[in-house]
1. Could you do me a favour and compute the accessible area per residue for the chain, 1.4 Å probe, result in Å²?
2. Summing -39500 (n - 2.57) over the DSSP H runs of n ≥ 4 in the chain and dividing by its residue number, what mean residue ellipticity at 222 nm do you reach, to the nearest 500 deg cm²/dmol?
3. Determine the percent antiparallel among the DSSP beta bridges restricted to the chain, to the nearest 5.
4. What are the extents of the Cα atoms of the chain along their three principal axes, listed from largest to smallest and rounded to whole Å?
5. Which GluC sites (Glu not before Pro) in region 353-417 pass both tests, a DSSP loop state and at most 14 other beta-carbon atoms within 10 Å?
6. Under a Cβ-only charge scheme (Lys and Arg +1, Asp and Glu -1), can you give me the dipole magnitude of the chain about the Cα centre, in debye to the nearest 20?
7. Have a look at R130, R18, R86 and tell me which one the Gaussian network model of the chain (Cα, springs below 10 Å) gives the largest fluctuation.
8. How long is the gain from N262 to A229 if the chain were fully straight, where each residue apart is worth 0.36 nm and the alpha carbon distance is subtracted?
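The values are calculated or read from the model by the stated rules, or taken from the named source; none is laboratory data. Here the structure is a predicted model, which means the values were calculated and not measured. Because the Cβ atoms are built from the backbone with ideal geometry, glycine has one as well, and the counts that use them run over all protein chains shown. Note: accessible area is taken over every heavy atom of the protein model, side chains too, but ligands, DNA and RNA are not part of it. Shrake-Rupley method; radii C 1.70, N 1.55, O 1.52, S 1.80 Å.
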Amino acid sequence: MIDMMTQEDKHILRDLARRVDDIARSEEQQEKRELWKRHTALMGDRPPIFVSPEGSWREILPDGALKCSDEFARGVEAELRRRIFRFESIQDDTPIERVYEFPVSAIPINEGWGMTPERLSTGDERGAWRHQPVVTKPSDWKKLKKPELRVDERGAQRRQALLQDAVGDLLEVKVTGVKVFDFHLAHIYCDFRGLEGMLYDLALEEEMVKEVFEFFTEGFEGLIHQIEAANLIELNNDYTYHYTGGLGYTQALPKDGFDPANVRTQDVWAAAEAQEFSCVSPEMHAELILPYERRLLTPFGLNGYGCCDDLTEKLDGVLEIPNLRRVAACPWADLGKMAARLKKQYILTWKPQPAYLAEEHFDPDFVEQYLFDSLSAAKVGYPEIILRDTHTCRAQPERFGAFVRAARRAIERVYDA
């Protein structure tokens, strides 16, 4: 990374930062922050909408649309343009913030465990892939090692100084600690063993599976202890996105006794999921992975659970997670059944079907009716709308705004009826 930014790049970033600053300071954005705080306190009167373009960003904002020359400046430019696009075109309930963060560390998912995952792909950057197992026999698990926390404070400070020099009077440029505490035990298992291999192991080698999950759990617990010892836990009761779905804005965190100089696990959100267990029975799910996930989540102040796995019949075990606030409902979950069980005591983090944005023809009337029918079933609970896994919009970015407008019409029909 360079130590200086060209004047032309600075000029480009300043124009974008000025726009983001103006948006972020508006009353509309403050109202959105308060909306999420009421929502996470289970006091909202209708579902908020969060849209994540994810893979579609490359269609919305291709590399050729960026004007900066330096790689670092281009990364900042892309992020600022994304915020502006969200405000101007998506218009969901995500607040636009003027904060730009450089974390000194993060909890790795599948790095630092002593093995490197391998994949076989089609060769298409956006195409399919499958695992190439690096664990082919039980003894291969002995190659595992527990990860060590990696901290790059100097690098984060260099990036902060570079951006501070360019736009520090317009944006709040921060170096942060660790803000994301998400645990993906089944994901890591499959990265090393493959999905098919994991399913065979669940059927034939239960004790081995438990031993491996125990090792992963101890590894993550060790990382958390290292983060605590380095005083790197950072509050995430803000714009931070949490893996289960939804934003972190909440007044429930930090907890009583909070010391800003020493943030604790009980002051922050965490989450876990086991979507690779989608086709595994509720009994096996509760026995083989939930105890380890529950152990990891217990120290945290608020928790979320689930992702793209259908939890409709698995809620008995999930609801035993301490401080649980969010429970994910994937597109194929039984929303009515989940909502009736969760009632208004938990947030039902509903992930509507993203494929409707990827079809050859986008039909907003069909999407509105789909959302209306789904929300009508979920109304007995406390839903939020989290549109994710949007890997293409067929190069029609306007579809995201059309989805949000359809969602608002559906919400109005359901909640104002």
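1. 45 Å²
2. So the helix-based figure for the chain works out to -12500 deg cm²/dmol.
3. 15 percent
4. 61, 56, 53 Å, listed from the longest principal axis down.
5. Answer in residue order: E359, E360.
6. Roughly 580 debye, rounded to the nearest 20.
7. Among R130, R18, R86, the largest mean-square fluctuation in the Gaussian network model of the chain belongs to R130.
8. That works out to 10.9 nm of additional length.
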